[in-house]
Amino acid sequence: MKVKKRGSKIGKFRKVPGPIGKQCLERAEQALSKTTADSYVVIAGGQGTKIFDADGNEYLCFDSGVCVANLGYGKNQRPVWQAIEKIKKAGAPLYIGTDRINPQSVQAAELMKKITPIREGHDARVYFDTKGTLAVETAIKALSKAKSRQGIPPKKMIFCYCTGSFHGRTLSALTIMDKRNPHRITGYSLPYRYIELRFPTKNRRRGFISRLEKLSKSNKLNRIAGFFIEVVQGEGGINPADKTAIQALDQWCQKHNIPLVFDEIQSGFGRTGTFWAYEQYGIKPDMVVFGKGAGGGVVPIAGVVMRDDLSFRQMGEHSGTFGPDPILTAALTKTVQVTLEKQLAKRARKMGQYFISRLREVFGSKIWLKEIRGQGLMIGMEFWNPENKKPFPEFRDALWYKAEELGLLAFPAGFDGANPILRFEPPLTVTKKEIRKAIQILYQAANLI
Ligand code: PLP
């Protein structure tokens, strides 16, 4: 594909897609299966927070490829590329599969154990995957195996999850997805049962805690194999959980010996202001699932850090071709090191606070704005129709596409009929100047609607 050298600068209107992009989208329509791609921007390059499309237009990338390029693009990713180069230069294989151990995977697992505090009194084990949803499958399978060891058959086991949840798109992960999500599929036969609880935002704390109390008295308790939750929901609409509710959940899980699983696939790796979002809740879970930004935007790596007694025991109980390969795990180790050395979590906290306060200053009085909320650099704007105070996804979509035409890439979240959100999750290296520019574009875009 040809890439035009020069297009529109950030803040200047461009027609999206441009001619080269349009041609690529037409070919994509014929060649690729349908996914979640609903933007007209065809990506061709990137540097720092900037992205270039196939027609040479510049954008501020305020989605990081959905929290993948946490380090930013181009030169920012060089340390991760260099870690991979080092293996290549040494003549070691980049991929060697799971059946033989390699030093890079051991180093990465040791590092993940060190930086991921789990339940007191337990050692941890790490399993590597290549996609978030596969790591969720792994967690479900490990929990199911652990529950079987207690003599509970799969068809009696229960998994708990919350409304607004999103844990992936493979079959098991879909079963612990919010029932309202149109992409959830039903009718296939996993043996388990499920309990959906309302996600505990601040004003739902009491309801959540009383639901836990009710469950304490039910005869289902000893059949619960695990409780999955994102402490800051991404796809569900940028919803930070209430601290007291999460602490109550933790107590409840401990009391009834129910494994608590935090899905940090979107919120992890510094995005919310601490390396893991759950660190802000003062508790330690039994399992942590990670992915997305773990490979520095250079390689796909995901995985699970789990309590050793919940981990797999027998040879062949669980495995996969890709995961603990040298190239993937070396990239993971370097990404963690860069995130820690550059204090990107702290930076995300500071930049997030700045971003939210500027957004509130500029848009706080707009009649179509319902709320601005977030944690660190996971930020969302929610819209309602000023006439009837009902969700206003049409406005969100118009703003989203108009902002793209002016050079700002953000993306939607939430449910159209409940909480339509425009989501901002820029690289953690984003600057105040870039944040101001993004807000200026958003303002321009809103005035054009
Ligand atoms: N869990 C959460 C919280 C996510 O945000 C996502 C992806 O958006 C997933 C799981 C699934 O990850 P993947 O798309 O890598 O399968």
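Any chance you could list the semi-axes, whole Å, largest first, of the equivalent ellipsoid that the Cα gyration tensor gives for segment 56-160, using √(5λ)?
34, 22, 14
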Solvent-free Debye scattering, log10 I(q)/I(0), computed from the Cα coordinates of segment 295-444 at q = 0.10, 0.15, 0.18 Å⁻¹: -0.51, -0.88, -1.05
Cα-based radius of gyration of the chain once divided by 2.2 N^0.38 Å, which approximates compact folds: 0.98
Cβ-placed point charges (K, R +1; D, E -1), dipole of the chain about Cα centre in debye, nearest 20: 580 debye
Convex hull per residue volume in Å³, alpha carbons only, for segment 23-106: 168 Å³
Globularity index of segment 222-277, i.e. its alpha-carbon radius of gyration over 2.2 N^0.38 Å: 1.19
Straight-distance crosslink candidates among lysines, where the alpha carbon sits under 21 Å from K9 and sequence neighbours closer than 8 are dropped: K22, K50, K75, K402, K432, K433, K437
Segment 327-399 and segment 73-94: distance between their alpha carbon centers, rounded to Å: 31 Å
Within the chain, percent of DSSP bridges classed antiparallel, to nearest 5: 70 percent
Around R119: net Lys/Arg minus Asp/Glu count, Cβ-Cβ under 15 Å: -2
GluC sites (Glu not before Pro) within segment 250-358: DSSP coil, no more than 11 neighbouring Cβ in 10 Å: E317
Helix-only CD estimate at 222 nm, as mean residue ellipticity for the chain, using -39500 (n - 2.57) per DSSP H run (n ≥ 4): -11000 deg cm²/dmol
Once the Cα gyration tensor of segment 269-326 is diagonalised, semi-axes √(5λ) in Å: 24, 19, 5
Three-way shape label, segment 390-449, alpha-carbon gyration tensor, a/c 1.5: oblate
Loop-resident sites, segment 245-353, for trypsin sites (Lys or Arg not before Pro), counting at most 13 other Cβ within 10 Å (DSSP): R313
Largest-first principal axis extents, alpha carbons of segment 379-422, Å: 31, 19, 14
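Read the figures in this text as sums done on the coordinates, not as results from a lab. What you see is a predicted model; the values in this text were computed from it and never measured. A quick note on method: Cβ atoms are made from the backbone with ideal geometry, for glycine too, and the neighbour counts reach across all protein chains shown.
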